[in-house]
Structures are given as C-alpha cells and as structure tokens.
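Below you'll find the structure, written out as structure tokens, and then a few comments.
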Amino acid sequence: MKLTVGVLLLLVFSNAWAYLDPGTGSMMLQVILGGVAAVGVAVKLYWHKLRVAFGLGKKEESEEDSD
Amino acid sequence: MGLARKKNPKKIQTKAPMNTLSSEVDTGSFRDRDGRVYRHQGRVLRGLSASALENYRQLQSKKFYQKLVESGKVVATRELLDEENPLSESVQAQWSGFLEHEPVPIISYAYEWTFSMLKAAASLQLHLVERAISNGFTVKDATPYNVQFVNRRPVFIDIPSFEPLREGEPWSGYRQFCEMFLFPLLLQSYKNCDFQPFMRASIDGVGVHTAASLFGFRDRFRKGVASHVWLQAKLDRRYGGSSENVRSSLKSAGFNRELILVNVRKLQKLVRKLEWRATGSEWGDYSEFHNYSDEDHVRKEDFIREAVTSSKASVVWDIGCNTGQFSRIAASLCKQVLSTDIDHVAVERLFLNKETPDNILPLVQNVADPSPNWGWRNSERTDLQSRSDPGLVLCLALIHHVVITANIPLAEFVDWLASLTGKLVIEYVSRRDDKVKTLLRNKEDKYQDYSSENLEANLKRHFEVTRQEHLNNGDRTLFYCEKSQVGGD
C-alpha cells in the first residue's frame, strides 16, 4: 500500500530549503510515513495531478486552500 | 529586546573573497551562507545575515526556545552590540549582526563519540525538531556537528538552524538525520558494526544507498529499516533526478506540520529503543587491579594525584584511559579531563557510568591513527591538538601497546608526546610484565627500542624527569616529566 502511494505521488521538489538538499524521495517518504493522516494528503495530491492531466485543472500554482 | 544598532542599515552585503578571510574565522563554519562563526581570544562569535538575524530575533522571543536554553539543551546565546564587537571592521562589515555563544570546553566530533553519545545527540536533535515544529519553527538541518558535549550532556550549538516554519512544507532535515544519525546508530545496534570509521571517512555520513546495500534482505523487517533505509533508497532512485517544483502541490494538498510530528515521534521511539549490547571487548573488562598489589595501586594513585596537583594543569588528557580510574583522580583536581581510548566499549562504559565526574569528556581515539585534519581544505574538521591544549598528559599502561602492537618507534612516540604538552606522566611496562608477554607472543621480537633505558634517554631529550616510582617489583615504572622551558597550560 505504502509503495503504491509512493508511486502515485509523482512529486519532485526543487531545492527551495536553504543550503541543504532535502532529497525528493525523502520528502515524499514523509508523506507516506505520515500514515493514516497522510492518506488524505496523498489522495488530494493525486487528484490534483489527475485533473491537470485531463485538462480540468490549472497547471500552475493554485491559490485555493485545501478543503 | 537588546537590538544591535546597525552602523549602516542600507549597506549592501558583500563578502570578502576566500584569500582574504579573517584569520579568526572558524574553518568548519561555511556551508550555511547566512552566517559564519569566528573565534576571538577564546570567545565564540557568529556573524549573521539580515534574514538570519531577523529569524534569531523572532526565535529568542519564543518561550519554547527560552526553555531549551534554560535547560541547557541549546547553547546560551546573546546578541552582541556593535560597540562590544571585538572583531575587525572588515569582518563586521560583512554581516548584519552578531551573536555571542557560550564556548564549549572541548569540541568533539561524531566519529569520536560512543554509541550512547550519538544516540543522546540524536534524541536531542529530534526533541528540538518536535519543540520547534509545535511552535511554528523548524530545524532546517540535522547534523551531529551541530551538537557538542558539555558536562557529558549534549548541547545544540547551531542557532541559525532554527527557522520559521512555512506551512505546507515537510521537514528538510529528515534525510540528513537518517544519514548522519540514524544509519550509524542502526549499524551499531543491529550489526555491531562500529560507526566511527564511516563517520570519519564520509563528511556527509552514511548515504541512503550505502545503508541500503549494508542492510540486506534479512534486515528489512527490523524496526526502521524498511521505511527509512529501503523505501527511502527506492524513492530516491526513482525521483532523485527531476527538477519539477511541487511545493505548491504539497501545500494545496494539505501537507501540514502534523505529518512531520507523526514522523518525528516515530523516529524518537525508534531511537529510544536502539541498544548496543557491547560484546567481546578485549580490554572492556580489563582493570589495572589485576596487575597490582593493593599497596602498589595506592602508590600509583598517589603519584597521579601529586602529578596533577603540582602540574597546576587546568586541562588534563588521559590517553589510553580504559576504565577511567585515573581520569577520575585527575578530574577531582583540575577543570577538564579528556579521556580517550581505542576501545569503543571501554569509552562507552565510562560515558554511561553515573559515577563518572561531569568534567570528563570521554572519546574514542586511536593514538596511532588519531582524528585527522580533513574535510574542505583539510581544515573543516581538525585534530584533537587543535581543539584542546593539555597542561598535563597521562600516558599510563599505554606505551607497550603503541610500540609493540602499533609498531610505532619509541623515540617517535616520545616526540609526539612532547609536541602535545609541557608536562607528562608516563608509565613504562617492562618485558617481565604479563601483558607485554601477551603482546609479544605471536610476534618476532624486533623491538630493541623498547626498554626502560631507551625511554628515559628519549624523555630527557625533551623533558626533565623530576619524579620516578617503581611498582610491581620494578615491572612498572612511573615517570613525571616537565619541560625545561615552561610549556602547556
């Protein structure tokens, strides 16, 4: 299950945190390890990507808050 | 708030080029562009950029931070006013403000620590992350080089690591925590594999892929391995090379601090439960008691006591300290003792023993292969002599190991001791002694230089031998030596 979630999260991160590269996979892992609390986050992330892929959502940064 | 008045608030930040660096700059402090540490006459000062200064001012107004400082978990720090700043004009011009930190008596590094020392540092690191994140801050990195030992307790020294938490972002220090703290601890606990050589050879610790190759199929079900080692390595392979920016995606998906805290708490539990059942140490159980009569033992203790007192040393090194029995004597008579031994188990026991005095810093160290000057420009991490200046060195029941086991010529060993200090107690162990017989048992005896006469002759090249004492019917001899010119402390 965890690996599936990991695969679904097609996330990559830029080096936006000071001098230390946090590592893309490592940041993703934090979502996975978040357990039950993270499932909601994972689903929302995946949902957003899916919408973009089908042209139903904006590609660039969205200003709306999560619900 | 004690604000430092800036001389020129609108000045442009310029940095001096490398070849005109102040000679007072700490050569290990450069990776974070927002600050730099300077040492001036024993004081520890830190220049901060405008943003780092702003972060600090926010941080020090927070209760959680103040509590951490009060409890001694974070180093005592204050902002330095311009007029109090002793550094040169050109250095001051490079930074928006300065902090002053309480100095650490002796700086030490993770590859000199024992398992429990690294574990204590790891627990401290996680505690700080938990406290920070619960209060709107974060600790942006996780390296044991930000932790020092004072009175045998870990203290966090890198104040600019605290930054305001931006909602929606994961903990940036997690991977580094794994590579610099967790994996070394797992190696020691799960595989009884000494972590120090890894930490000494690799400035960034045990990499995720190295860890994955070391923890094989059988280890995958041990606590912490599947997630932090195996899964992290897999995800790193798959996603390490991309460059897409998804900070916004995470944020709009609702990533929040709770997720970080869940992970941090799991890590805390994992670290807390890690144990190292030290096995089969050749010297771990060894006590000098075996080789001395009670009377001789008392005479040796008295000799040491007198040596420390008359040396007036405030810092004493006990090299080859083993159980630390003589370190303890020195500790009651001086300010700070550095106790080192090649045996990880012995040093671990010394560290864990509740009766060990607080002013003893125990470190793992091989005299024949000591901590080097290495890292960037071979001065990022330094040797022990650069970090501590002993007024007296105790070299008890060690010379036979150095000359016979480690094959160091006796004359060179004495030269090295003379380079450390102006005052020395050295114990010669004769060939009649059981221990020496053991060391020679499987070797051809080529050690012509190993003799009491030769030791005395070499000591006299550097020192005056002012006291001598024979123990064990002459099998062991103690020498107290002082340099003719005043040296050391």
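The values are calculated or read from the model by the stated rules, or taken from the named source; none is laboratory data. The model shown is predicted, which means the values in this text are computed figures rather than measured ones. Cβ sites come from the backbone with ideal geometry, for glycine too, and all protein chains shown count toward neighbours.
When you check residue B:114 against the structure, is it of a type in the set (Ser, Thr, Tyr), buried (at least 19 other Cβ atoms within 10 Å of the Cβ) and under 30 Å from residue B:187 (Cα atoms), yes or no? Can you show your working first?
Details: of a type in the set (Ser, Thr, Tyr): yes; buried (at least 19 other Cβ atoms within 10 Å of the Cβ): yes; under 30 Å from residue B:187 (Cα atoms): yes.
Answer is yes for this residue.
Considering only region B:433-468, state which residues are in a helix (DSSP H, G or I) and either under 26 Å from residue B:482 (Cα atoms) or among the hydroxyl-bearing types (Ser, Thr, Tyr) (or both).
Applying the first criterion (in a helix (DSSP H, G or I)) to region B:433-468 yields B:434-440, B:452-462.
Matches in region B:433-468: B:438, B:452, B:453, B:454, B:455, B:456, B:457, B:458, B:459, B:460, B:461, B:462.
Residue check: is residue B:180 modelled with pLDDT of 95 or more and within 12 Å of chain A (Cβ to nearest Cβ)?
Judged against the criteria, residue B:180 is a match.
Take region B:377-403 and flag every residue that is outside any helix (DSSP H, G or I) and of a type in the set (A, V, I, L, M). Spell out how you get there, then give the answer.
The first filter runs over region B:377-403 and keeps only residues outside any helix (DSSP H, G or I), leaving B:379-383, B:388-398.
Answer for region B:377-403, where residues must be outside any helix (DSSP H, G or I) and of a type in the set (A, V, I, L, M): B:392, B:393, B:394, B:396, B:397, B:398.
If you take the residues of region B:162-174 that are surrounded by 22 or more Cβ atoms within 10 Å (Cβ to Cβ) and free of Cβ contacts under 8 Å to residues at least 60 places away in the same chain, which of them is farthest from the other protein chains (Cβ to nearest Cβ)?
B:173
Here's the yes/no breakdown for (1) more than 16 Å from residue B:348 (Cα to Cα); (2) small (Gly, Ala, Ser); (3) within 19 Å of the chain's Cα centre (by Cα):
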{"site": "B:165", "(1), (2), (3)": "yes, no, no"}
{"site": "B:182", "(1), (2), (3)": "yes, no, yes"}
{"site": "B:190", "(1), (2), (3)": "yes, no, no"}
{"site": "B:202", "(1), (2), (3)": "yes, yes, yes"}
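Could you check region B:123-150 and list, in sequence order, the residues that are touching a Leu at 6+ places or on another chain (Cβ under 9 Å) and within 15 Å of residue B:105 (Cα to Cα)?
Correct list: B:147, B:149, B:150.
Please verify whether residue B:186 is more than 14 Å from chain A (Cβ to nearest Cβ), surrounded by 22 or more Cβ atoms within 10 Å (Cβ to Cβ) and under 30 Å from residue B:252 (Cα atoms), treating the condition exactly as stated. Explain how you work it out, then say what you get.
Details: more than 14 Å from chain A (Cβ to nearest Cβ): yes; surrounded by 22 or more Cβ atoms within 10 Å (Cβ to Cβ): yes; under 30 Å from residue B:252 (Cα atoms): no.
Spelling it out, it is not the case that residue B:186 is more than 14 Å from chain A (Cβ to nearest Cβ), surrounded by 22 or more Cβ atoms within 10 Å (Cβ to Cβ) and under 30 Å from residue B:252 (Cα atoms).
Taking the condition of being under 21 Å from residue B:148 (Cα atoms), buried (at least 16 other Cβ atoms within 10 Å of the Cβ) and either small (Gly, Ala, Ser) or under 26 Å from the mean Cα position of the chain (by Cα) (or both), how many residues in region B:49-70 meet it?
Counting residues in region B:49-70 that are under 21 Å from residue B:148 (Cα atoms), buried (at least 16 other Cβ atoms within 10 Å of the Cβ) and either small (Gly, Ala, Ser) or under 26 Å from the mean Cα position of the chain (by Cα) (or both) gives 4.
Name the residue that is farthest from residue B:265 (Cα to Cα), counting only residues in region B:126-144 that are surrounded by fewer than 22 Cβ atoms within 10 Å (Cβ to Cβ) and out of contact with any strand residue (DSSP E or B) (no Cβ under 7 Å at 6 or more places or on another chain).
B:135
Mind listing whichever residues of region B:252-289 are within 11 Å of another protein chain (Cβ to nearest Cβ) and modelled with pLDDT under 75?
If the condition is that a residue be within 11 Å of another protein chain (Cβ to nearest Cβ) and modelled with pLDDT under 75, then B:252, B:253 are the ones that fit.
Scan region B:375-389 and tell me whether some residue there is crowded, with 21+ Cβ neighbours inside 10 Å and over 14 Å from the mean Cα position of the chain (by Cα).
Let us first name the residues in region B:375-389 that are crowded, with 21+ Cβ neighbours inside 10 Å, namely B:381, B:384.
So of that shortlist, the ones also over 14 Å from the mean Cα position of the chain (by Cα) come out as none.
No, region B:375-389 contains no residue that is crowded, with 21+ Cβ neighbours inside 10 Å and over 14 Å from the mean Cα position of the chain (by Cα).
Can you confirm whether region B:292-301 contains a residue that is within 21 Å of residue B:467 (Cβ to Cβ) and either aliphatic (A, V, I, L, M) or modelled with pLDDT under 70 (or both)?
First pass over region B:292-301, keeping only residues within 21 Å of residue B:467 (Cβ to Cβ): B:292-293, B:295-301.
The next check asks that each one be either aliphatic (A, V, I, L, M) or modelled with pLDDT under 70 (or both); those that pass are B:292, B:298.
Checked region B:292-301: at least one residue is within 21 Å of residue B:467 (Cβ to Cβ) and either aliphatic (A, V, I, L, M) or modelled with pLDDT under 70 (or both).
Quick one: in region B:329-357, which of the residues that are farther than 22 Å from residue B:385 by Cβ and over 17 Å from the mean Cα position of the chain (by Cα) is surrounded by the most Cβ atoms within 10 Å (Cβ to Cβ)?
Within region B:329-357, the match that is surrounded by the most Cβ atoms within 10 Å (Cβ to Cβ) is B:329.
Evaluate the following for residue A:31: is it part of a helix (DSSP H, G or I), more than 8 Å from every other protein chain (Cβ to nearest Cβ) and either surrounded by fewer than 13 Cβ atoms within 10 Å (Cβ to Cβ) or at pLDDT 75 or above (or both)? Break it down stepwise before answering.
Working: part of a helix (DSSP H, G or I): yes; more than 8 Å from every other protein chain (Cβ to nearest Cβ): no; either surrounded by fewer than 13 Cβ atoms within 10 Å (Cβ to Cβ) or at pLDDT 75 or above (or both): yes.
It is false that residue A:31 is part of a helix (DSSP H, G or I), more than 8 Å from every other protein chain (Cβ to nearest Cβ) and either surrounded by fewer than 13 Cβ atoms within 10 Å (Cβ to Cβ) or at pLDDT 75 or above (or both).
I'd like the residue in region B:189-243 that is within 30 Å of residue B:378 (Cβ to Cβ) and among the acidic types (Asp, Glu) and, out of all such residues, is nearest to the other protein chains (Cβ to nearest Cβ).
Here the answer is B:236.
Do we have residue B:155 as of a type in the set (A, V, I, L, M) and within 14 Å of chain A (Cβ to nearest Cβ) here? Give the steps one after another, and end with the answer.
Numbers: of a type in the set (A, V, I, L, M): yes; within 14 Å of chain A (Cβ to nearest Cβ): no.
No, not satisfied.
Output yes when any residue across region B:23-40 is in a loop (DSSP other than H, G, I, E, B), at pLDDT 95 or above and either among the hydroxyl-bearing types (Ser, Thr, Tyr) or under 20 Å from the mean Cα position of the chain (by Cα) (or both), and no when none is. Please lay out each step first, then the result.
Of the residues in region B:23-40, the ones in a loop (DSSP other than H, G, I, E, B) are B:23-24, B:26-34.
Now restrict to residues that are at pLDDT 95 or above: none.
So far as region B:23-40 goes, no, none of its residues is in a loop (DSSP other than H, G, I, E, B), at pLDDT 95 or above and either among the hydroxyl-bearing types (Ser, Thr, Tyr) or under 20 Å from the mean Cα position of the chain (by Cα) (or both).
Quick check on region B:123-142. Is at least one of its residues closer than 17 Å to residue B:208 by Cβ and either within 14 Å of chain A (Cβ to nearest Cβ) or under 15 Å from the mean Cα position of the chain (by Cα) (or both)?
So in region B:123-142, the residues closer than 17 Å to residue B:208 by Cβ come out as B:141-142.
Those still in the list that are either within 14 Å of chain A (Cβ to nearest Cβ) or under 15 Å from the mean Cα position of the chain (by Cα) (or both) too: B:141-142.
Scanning region B:123-142, I find at least one residue that is closer than 17 Å to residue B:208 by Cβ and either within 14 Å of chain A (Cβ to nearest Cβ) or under 15 Å from the mean Cα position of the chain (by Cα) (or both), so the answer is yes.
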